[in-house]
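The values are calculated or read from the model by the stated rules, or taken from the named source; none is laboratory data. Please read these numbers as outputs of a predicted model, since none were measured by experiment. Every residue, glycine among them, receives a Cβ derived from its backbone with ideal geometry; neighbour counts consider all protein chains shown. Quick note on the areas: whole protein, heavy atoms, side chains included, nothing else; ligands and nucleic acids left out. Shrake-Rupley method; radii C 1.70, N 1.55, O 1.52, S 1.80 Å.
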Amino acid sequence: MNDRVLITIVGPTASGKTDLAAAIARYYQTEIISADSRQVYKELNIGVARPDPQLLAEIKHHFIASHSVLDDFNAGKFEIAAIAVLEQVFRNHPVAVMVGGSGLYIKAVCEGLDEIPADSRVRKILQQELKSRGLPALVDKLRSVDPAYCSVADLANPRRVLRALEVALSTGRPYSSFRQGHRKSRNFRIIKIGLALPRNELYTRIQQRVDEMMKKGLLEECRKLLHYKEIPALQTVGYKELFDYLEGKTSLPDAVENIKQNTRNFAKRQMTWFRKDAGIRWFNPEQPQVILWYLDNLLGNMRSLAGERT
């Protein structure tokens, strides 16, 4: 058995991934790779549910507040950087933990991504078009050039739409034609843990999380980021709705309710993505001891690998 093991924790927003990742990292005395496409940005804190400072001080995390929203960072770059970090982690620990709700980032590390061309000139033109015409216009354009991708893509995600159009317009080929899905080999074993809750319970958690974010100062965080609002990294749930309020397009209660509804919709899309992965073993997040028992049994004599635990 390969004694280098990556334990990957996935699931929808507000399902308890951060707490479980911390519990597993403590148990195996190791480090955490964050596979969250928004927590990577240092300007975003409350709205992306960044782990609290005490947890970050206790357990070493990678890719938390490591980049700026002005950086050109994506799943392909995350793949390269995360694999390099894992090599460093595995020098000192037989087990590493990766956690996140960004399905493409998880896929990038576990399976690798296809090599797809990029054209910064076309990207800048499309970003200006997004700003002037809005996302629906770009979605219509994408449907005309790549209906196959539109049938499976998250068309509410500006970054996905922009990337697909960038490739199609710069190469003359549909983005979907580049997505061959060739799995890359990894020199570590991968175990995938999924967290799932009954819908009503998950929605209650989402509502409570949004209310807590507002109490912690999400509105003020958005006010400070208003001048960044056109950047794709800020076209995300929790920020775009409050930008609308700050620009007088909606009331504050309506903006908060929109965050809750859009977060519920996002959670549905996350589950649709992860449910397609037959390699994920699903658990209730309220049963961390069951999950640890499962991991120890799956890994065999992991106690000798992990060393003395506190």
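Taking every alpha-carbon pair under 8 Å whose residues sit at least 6 apart, the chain reaches a relative contact order of 28 percent.
Extending 7 Å from Cα along the Cβ direction at K215 and again at I116 yields two label points whose distance is 4.0 nm.
Any of K141/K216; K107/K229; K131/K268; K216/K268; K107/K215; K192/K249 with alpha carbons more than 32 Å apart? Name them for me. Distance filter (> 32 Å) returns K141/K216; K107/K215; K192/K249.
Within a straight-line Cα-Cα reach of under 16 Å, K124 can be paired with the following aspartates and glutamates, leaving aside sequence neighbours fewer than 8 residues apart in one chain: D71, D72, E166, E230.
When a 1.4 Å probe is rolled over the protein heavy atoms, the share of accessible surface on the chain that falls to carbon and sulfur comes to 49 percent.
The alpha-carbon atoms of the chain, seen along their principal axes, cover 59, 46, 32 angstrom, with the largest extent given first.
With every protein chain left in place, what is the accessible area per residue of the chain in square angstrom, probe 1.4 Å?
Values: 15100 Å² over 310 residues.
Ligands and nucleic acids excluded, the figure is 49 Å² per residue.
Based on alpha carbons, the Rg and Dmax found for the range 1-153 are 17.7, 55 Å. Relative to one another, the C-alpha centroids of the range 233-305 and the range 149-198 are positioned 18 Å apart.
Length gained on full extension, R159 to N92: 20.5 nm, using 0.36 nm per residue less the C-alpha separation. A straight chain from Q29 to N265 at 0.36 nm per residue would run longer than the Cα-Cα distance by 81.4 nm. Histogrammed with a bin width of 5 Å, the alpha carbon distances of the range 126-271 distribute as 2, 8, 15, 15, 16, 15, 14, 11, 5, 1, 0 percent, first bin at zero. Applying both filters, DSSP loop and at most 13 other Cβ atoms within 10 Å, to the trypsin sites (Lys or Arg not before Pro) of the range 197-284 gives K249, K276.
Can you show me the helix-derived [θ] at 222 nm for the chain, built from DSSP H runs with n ≥ 4 at -39,500 (n - 2.57) apiece and divided by the number of residues, rounded to the nearest 500. Show your work: numbers first, answer last.
Working: 14 runs with 161 residues, N = 310.
For the chain, the value works out to -16000 deg cm²/dmol.
Over the range 60-219, the Kirkwood radius and the radius of gyration, each from Cα atoms, give a ratio Rg/Rh of 1.00.
Assign one of three labels to the range 150-229, namely rounded, prolate or oblate, based on the Cα gyration tensor with a ≥ b ≥ c the square roots of its eigenvalues; rounded applies when a/c is under 1.5, prolate when it is not and a/b is larger than b/c, and oblate otherwise.
Values: a/c = 2.33, a/b = 1.37, b/c = 1.70.
Oblate shape, in that a/c is at least 1.5 and b/c is the bigger or equal ratio.
Put simply, the Cα atoms of the range 112-177 extend 32, 26, 22 Å along their principal axes, the longest span coming first.
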